[in-house]
1. Restricting attention to segment 660-679, which residues are touching a helix residue (DSSP H, G or I) at 6+ places or on another chain (Cβ under 6 Å), of a type in the set (Val, Ile, Thr) and near the ligand (Cβ under 10 Å from one of its atoms)?
2. Run Glu325 past the list (1) on the phi > 0 side of the Ramachandran plot; (2) exposed (fewer than 12 other Cβ atoms within 10 Å of the Cβ) and report the number of the one that doesn't hold.
3. Restrict the check to segment 610-621 and report whether at least one residue is near the ligand (Cβ under 8 Å from one of its atoms), at pLDDT 95 or above and either out of contact with any helix residue (DSSP H, G or I) (no Cβ under 9 Å at 6 or more places or on another chain) or not basic (Lys, Arg) (or both).
4. Say whether the condition of being modelled with pLDDT under 90 and surrounded by 12 or more Cβ atoms within 10 Å (Cβ to Cβ) is met by at least one residue in segment 404-413.
5. Could you pull out the residue among Leu818, Leu839 that is hydrophobic (A, V, I, L, M, F, W, C), modelled with pLDDT under 85 and not in a loop (DSSP other than H, G, I, E, B)?
6. For segment 300-324, what are the residues that are at pLDDT below 90 and basic (Lys, Arg)?
7. Output the qualifying pairs, or none if there are none: Cβ atoms under 9 angstrom, residues six or more apart or on different chains, first residue in segment 708-723 and farther than 27 Å from Met770 by Cβ, second residue at pLDDT 85 or above and assigned to a strand (DSSP E or B).
8. Kindly indicate the residue of segment 352-370 that is small (Gly, Ala, Ser) and assigned to a loop (DSSP other than H, G, I, E, B) and also surrounded by the most Cβ atoms within 10 Å (Cβ to Cβ) among those meeting that condition.
Amino acid sequence: MAEGVKGLSVLRQGLRSVVSRFYPLALVALAALTGIFIFAEQQNATIHRQQLRSDVQNEAGLIRSRLEGALTADVQLVRGLVAVLSTEPDMTQERFADLGAHIIGDHGEISHIAAAPDLVISLIHPLSGNEAAIGLDYNQNDAQRAAAYDVRDSGNMVLAGPVNLVQGGRAFIARFPIFTGEGADRRFWGILSAVIKEQGLYDRAGLTDDNLGIDLALIGKDGRGSEGELFFGNAEVFGDNPVLMEITLPEGDWLLAARPKGGWASAPDNRWTMRLVLLMAGALILIPTFLASALSAARRQAIEKLKRRERELETLSRRLEIAVETSKIGIWELDVGTGELIWDRRMFELYGMERSDHPVTFSDWKKRLHPEDVQGAVETFWRATQQDEHYLSEYRIVLDNGERKYIRALGSAYWDAEGRQRMIGVDWDVSWDVHLREELIRANRALTQRNNELLEAKLTAEQADRAKSEFLANMSHEIRTPMNGILGMADLLADTDLSEEEQLYVETIRDSSNALLKIINDILDLSRLEAGKLDISPTDFDLHTCIQQAVNLLRPKAEEKGLDVSVEIDQGVPQHVRGDDGRLRQILVNLVGNAVKFTAEGAVTLRARNAPTSPYRIIIEVEDTGIGISESQAQHIFDRFSQADAATTRAFGGTGLGLTISSILAGRMGGSLTLCPDRDPEGGACFHLEIELEPIRNPNALQEADQTPDLDIEVLRGCRIVLAEDNRTNRLLIRKYLARLPVTCVEAENGREAVEMCRAQMPDFVLMDMSMPELDGIAATQEIRALGGQQPVIVALTANAFDSHRKACLEAGMDHFLQKPIRKLVLLNALTALQAERLAAGPKRISAK
Ligand code: ADP
C-alpha cells in the first residue's frame, strides 16, 4: 500500500518535471501528433482489412460462377435426355446408351446416368460395371425411396448429395422427373438420375486449385442452403468472419464461405513504412516546436525574474523610505568645493530651520554649532575630506529657541562624474543616548562605591565571623578546662569508697557535667557545620559494632525506664565499611537518646537495612512507642533550636540542636534524616536515616583492630612521662589517673619548663597542654623536636575542639591528640596503644637542628 502511494508520488513528480521541462506548447504538439499517429494506424488497418475482404470476395466470386456454371451446364445436358425420354418412353438400352454417351463423353464429372420408368431402373449408361443396378425398384429401396417420391411429387429436378457411392467416392445425384403426354394425357413416366462426381465438379470449378489464395467451405448438403450440413472445406472458416456467398443451384442453393488462406492477416504490410514516415513528419514538427517553446519559456522566465526584482526593489525602497521616515535620520550632501548643501526635510527639522528656496550652505551649518564644539566639528569634517576617509563626528547644536541637541554625523566622501569632490552623509539626534550614557556613568560610579562598601562590609563580616569562631574556640576551651576537672574528679571520686548518698551526689555531678558537655559540644558542632569547618573523616570501621555500641551506650538508661531495646540488622548490611564512624555514632546516639528520652513505656527499636540500589547505601530507622511527633511539630523538627513545645523543654530538657546537627551530618554523608514516610503520628516517633558508605580500603587493618587486646598496662612499665599543664586541677587529675600505673610522672607548669625537662632528660611521653603561659604547647613541641636525638611521644591535651587545632598540633610534630575533658580510660588506652606501637617500631630519633 505504502509502496504504491510512494510510486504514485514519484510518478507525479516525474510528470511535473517533464511538463516544466518540455514546455506546454511542445506538449500540445506531442499530444496532437500522438493522436494523429494512432488515427493513421487505425485507418491503415481498416483499409488493409477492406482490401483483403474485397480480394477474397473477388476470388470467391469467381469460384461461385464456375460452380454455378458447371452445374447448370451438367443439368442442361441431362435435361436434353429428359426431353427425349418424355417423347420416347419406350427407349431401348442401345438408344439410351447412345444418347448417354454424349453426356458422359463430353463432361468428365457426370459418371453415369440411369432411367427408372415407374421407379424401377431399366436403362443405365454405361452399363458395364452397373448391371446390378438394373431392376432396382425405388419403391422397395429404403435408401432412395423418399428421394424418388420427392422428385415424383414435386415434379421438379432435385440435386442431392454429396453422398457416398457404393462403388466408392462421393457424388451429387441429380434426379429429374419425366412426364409423358400433354394436357390431360400427361402422366408420370419415371425418374432419370445423373451421378455428378464431386471431385470432378470441384476440380472444374477450381475449388481444389493449390494456388488458390483463399480458404473455402461449403454448406447446404442436398441444396438446403444455410440450413444444410457442411460438405466441403473446414468448418473453422465459417467462424472466422468469412465472406459469404450464396450459390444458386437449378433447385435449392449452397452457402460458400471464404477467407484469406490461413486467416485474416492482423497487420498491414506497410505499417513500418507508414510509421517511419509519420515519425519523421512528427520530428519535423516537434523539434522546431520544442525549440520555440524553450526559447519562449526562457524569455518568460527572464521577464518574470525581472518583474520579481522590480517588485523587490519597490518593497526595499518603500522600506527604506519608511525606515528613514521613522528613524528621524536626516540625509545631506555637500559639494566640498562650493560649500553648497542639499538637505532633506528631516535635516531641516533636526536643525530647527524653515525650508527655503535658496540652498543651505556649509556656513549655515556652522552657525548652528555650539560655540564650544565649532572648532572640533569643523576640523573633524575637513580632515575627513582631505584624507578621503569616512567621516564620523559628534557635536552639539543650538537652535533658535535655545534648545540644545547632541548630533551624531556619519558621512563618506566621493568624486562625482565632473571630478568634483562631494560628501554624502546622515545626521541624527543622539541627545537621549548621551543622556543615557551620562546616567550610566553616574550609575556605574554609584555601583563602584556600593561595591566598595559591600567589600568593606564583607571584610567586617568576615572579621566578625573570625571573631565568633575565636570566641567559640575560646569559650569551648574555657568551659572544657574546668569541665575536665569536674568530670575527672567525679570519676576519681566514684572510684573511692562512698556511702550510697555520696554515690548519688557524685552521679548527679557526672550527669549534670555530661549534660553540660553535650550542650557545649552541640553548639560547637553546629557552629563548625555552618562555617563548613567540620570535616567528615572516613576510616574503615565495623558498622554492626558501631550500631551496637551506640545503642548499648543508652541501654542502661532505657532499662532503668523499663523499655525494651532491640536492634535488627538485615543480612544484606555489610559489616566492614568505610565512612566517618564517629559522626554516625553521634547521629545514632542522638536518635536513640531522643527515643529513650521521649518514651515512658514500651520499646525502642533500631532497624538497619541497605537500599535496594546499593549495599553501601544504608537505611537506619529508629522507632519508639513514646509521645510521638504531631503533624505541626513535624514541620519544624529539624530546624535549629526547635523543640516540640515549651512543656517538652521543661519536662525533658535538651537544646533542640541534636536533630539539626544529625540532619546536616547525614547530608554531609551523602544522605538525609527525615521522619519515616509511613509513620503513625499517634503512635510514637520514627526517624529514617539514610547515608552513603563505601567499601573498606584495607581489610587487614580492620582485622587487626578487631583483634586489639584489652588494655595492657604492663607495656608502660618504667616509662617516664612529662606532664606540661598550667592548670593545677588538671595536673592533679592526670596525676591521679597515672597514680596506679608503673610509670614516673614529672610535672611542668608551662611549655618552657617542659622543654627544659626534656633537654635535661628525654622522657618517653610528654602530655602537652596547648595554652600555657611562657611557651604554648605548639612552640614547646617545636623546640623539643628541635633538640634532636631520641624523641618522646608527644600527646596534645586540649580543650580546643576545632579540626584546625588538631591539624596545627600534628603539624608542629605531635603524635596524638586528646580532647578535654579527658576520661581516664581514654588516656590509658592512648598511652598503652602508643607505647605498644613505639616498642614495635623502635623509639623515634631525629637529628638536632
Ligand atoms: P533536644 O536536644 O531538645 O532533644 P533534638 O533536636 O534532638 O533536641 O530534638 C528536637 C525536638 O524534637 C525535641 O525537643 C522533641 O520535641 C522532638 N523529638 C525528638 N525526638 C523525639 C522522639 N523520639 N519522640 C518525640 N519527640 C521527639
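The values are calculated or read from the model by the stated rules, or taken from the named source; none is laboratory data. Quick caveat: nothing in here was measured; it's all calculated off a predicted structure. Ideal geometry is used to build each Cβ from the backbone, glycine not excepted, and the neighbour counts take in all protein chains shown.
1. At the first step, the residues of segment 660-679 found to be touching a helix residue (DSSP H, G or I) at 6+ places or on another chain (Cβ under 6 Å) are 661-662, 664-665, 672-673, 675.
If we keep only those that are of a type in the set (Val, Ile, Thr) as well, we get 661, 664.
Passing the criteria: only Ile661.
2. Among (1) on the phi > 0 side of the Ramachandran plot; (2) exposed (fewer than 12 other Cβ atoms within 10 Å of the Cβ), Glu325 violates only (1).
3. No.
4. yes
5. Working: Leu818 fails: modelled with pLDDT under 85.
Result of the check over Leu818, Leu839: Leu839.
6. Answer for segment 300-324, where residues must be at pLDDT below 90 and basic (Lys, Arg): Arg300, Arg318, Arg319.
7. Hits for this filter: Gly718/Thr744.
8. Gly352
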